[in-house]
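Student: First the structure, which I've put down as structure tokens, then a few questions once you've had a look.
The values are calculated or read from the model by the stated rules, or taken from the named source; none is laboratory data. Here the structure is a predicted model, which is why all the values come from computation and not from measurement. Cβ sites come from the backbone with ideal geometry, for glycine too, and all protein chains shown count toward neighbours. For the accessible areas, the whole protein counts, side chains as well, though only heavy atoms, and no ligand, DNA or RNA atoms are used. Shrake-Rupley method; radii C 1.70, N 1.55, O 1.52, S 1.80 Å.
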Amino acid sequence: MTTNLVMSEEDEASDKLSRQAFAFFLHMMIGLGTWVVLMLIGYAIQPRVPQLFILALSLIVPAAVGFLYLRARPEPMAGHVWLAGLIWLMIVSLWILDMPTGPNACNECSATEKLSRTLFSLPRPSGLIDDNGPFLCTWPAAALAGYSIGARLAMRRKKSEE
């Protein structure tokens, strides 16, 4: 009889873990989907705006979507989506640091210069990864962080109302 009790506790833990993993990936896809829609709108209207403005929009718009979505459907795992963005940022940063430099590719750059010029195009693009560092890494990571911030704010407001 005690083995049945142990099995049911293990099954419940496994089921809970599965639900958490599904919720994490669902919210990660919502945050990235919001960013993709933002990029498609920008591609359609082709505005001339600085990259730091796009970075701010990549943070603010998913934060607003996360806030509104989590107000309607509270889910604690949504607040942890920023971890996926941070992991993605670290993976791409290691890839960039491992790249060779040369003419038109951040010649003689230090590690800090490589990262700042590739990921943020500051003071100018580095030439590494075809100057797509913000698009491939920084903006999606900011979108996940923004979504997570919006989710946390919605969850905190929801708790204070109850």
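Student: So is residue 46 surrounded by fewer than 16 Cβ atoms within 10 Å (Cβ to Cβ) and not small (Gly, Ala, Ser) or not?
Tutor: On the way: surrounded by fewer than 16 Cβ atoms within 10 Å (Cβ to Cβ): yes; not small (Gly, Ala, Ser): yes.
So residue 46 passes the test.
Student: Additional query: Which of the residues that make up the range 114-152 are open to solvent by 80 Å² or more (accessible area, probe 1.4 Å) and either of a type in the set (Gly, Ala, Ser) or at pLDDT 90 or above (or both)?
Tutor: 120, 135, 149, 152 - these are the residues of the range 114-152 that are open to solvent by 80 Å² or more (accessible area, probe 1.4 Å) and either of a type in the set (Gly, Ala, Ser) or at pLDDT 90 or above (or both).
Student: One residue is enough: does the range 146-157 have a residue meeting the conditions of a type in the set (D, E, K, R), under 28 Å from residue 21 (Cα atoms) and assigned to a loop (DSSP other than H, G, I, E, B)? Explain how you work it out, then say what you get.
Tutor: So the first thing to find is which residues in the range 146-157 are of a type in the set (D, E, K, R), and the list is 152, 156-157.
Next, only the ones that are under 28 Å from residue 21 (Cα atoms) stay: 152, 156-157.
Narrowing the set further to residues that are assigned to a loop (DSSP other than H, G, I, E, B) leaves none.
No: the range 146-157 contains no residue that is of a type in the set (D, E, K, R), under 28 Å from residue 21 (Cα atoms) and assigned to a loop (DSSP other than H, G, I, E, B).
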